[in-house]
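Visitor: Before I ask anything, here is the structure I am working with.
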Amino acid sequence: MRTLVLGRTPARVTAVLATLHADGFDAEGVSTDAEARQLLATGRFGVLIIGGGVEPASRAAMKELAAEYQVRRVIDGALTEPFDAYVRRAFEPLIRETAAADG
């Protein structure tokens, strides 16, 4: 299940991606809404993770866009340390669940 990570802090996006990649997930990450819009428009993403630093108006716009491009699940995230443990506990089970539902 291809996953897009949108977070305002590039270092945190990198940390999330490192964990997802290490655990075998197909993921890409960006820090701006423009980048996220461009990637979502490809229709290749089944999951969108929106970081806690994304402003409410941007968060709402990304959720609308995700629905338009048939993203199957949007996950609201606010990382806590250690980041790898948080990703494994909070994000990975939801990605797996979404992929399993897709069949």
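Visitor: Using the heavy atoms of the protein chains and a 1.4 angstrom probe, tell me the accessible area per residue for the chain in square angstrom.
Guide: On the way: 5270 Å² over 103 residues.
Value returned for the chain: 51 Å² of accessible area per residue.
Visitor: Let me ask something else about it. Between residue 88 and residue 41, 0.36 nm times their residue separation minus their Cα-Cα distance comes to what?
Guide: Working: separation 47, 0.36 × 47 = 16.92 nm, distance 2.72 nm.
Between residue 88 and residue 41, full extension yields 14.2 nm more.
Visitor: Continuing with the same structure: GNM on the chain, C-alpha springs below 10 Å: top fluctuator among 52, 24, 77?
Guide: Sorting by GNM fluctuation, first place goes to 24.
Visitor: Sticking with this one: Given H placed on each backbone N at 1.01 Å, which residues far from residue 48 in sequence or on other chains put an amide H within less than 5 Å of it?
Guide: 4, 73, 74, 75
Visitor: Could I ask something else about it? Distance from the Cα centre of region 80-99 to that of region 1-59, in angstrom?
Guide: What the calculation gives is 13 Å, centre to centre.
Visitor: Below 8 Å, C-alpha to C-alpha, sequence gap of six or more: please give me the relative contact order for the chain in percent. Mind dumping the intermediate values first?
Guide: Numbers: 155 pairs, mean separation 32.7, N = 103.
It comes to 32 percent, rounded to a whole number.
Visitor: Among (i) 22, 16, 11; (ii) 18, 17, 11; (iii) 36, 12, 10, which one is semi-axes √(5λ) of the Cα gyration tensor in Å computed from these coordinates?
Guide: This structure yields the entry labelled (ii).
Visitor: Using R₀ = 22 Å, calculate the FRET efficiency as 1/(1 + (r/R₀)^6) where r is the Cβ-Cβ separation of residue 68 and residue 97; round to 0.05. Walk me through the intermediate numbers first.
Guide: On the way: r = 22 Å, r/R0 = 1.01.
My answer for the efficiency is 0.50.
Visitor: For the chain, which whole-number percentage of the solvent-accessible area (1.4 Å probe, protein heavy atoms only) is attributable to carbon and sulfur atoms?
Guide: Values: 2740 of 5270 Å².
That fraction is 52 percent.
The values are calculated or read from the model by the stated rules, or taken from the named source; none is laboratory data. Note that this is a predicted model, so its numbers are computed, not measured. Because the Cβ atoms are built from the backbone with ideal geometry, glycine has one as well, and the counts that use them run over all protein chains shown. Just so you know, the surface numbers come from the protein's heavy atoms only, side chains and all, with ligands and any DNA or RNA stripped out. Shrake-Rupley method; radii C 1.70, N 1.55, O 1.52, S 1.80 Å.
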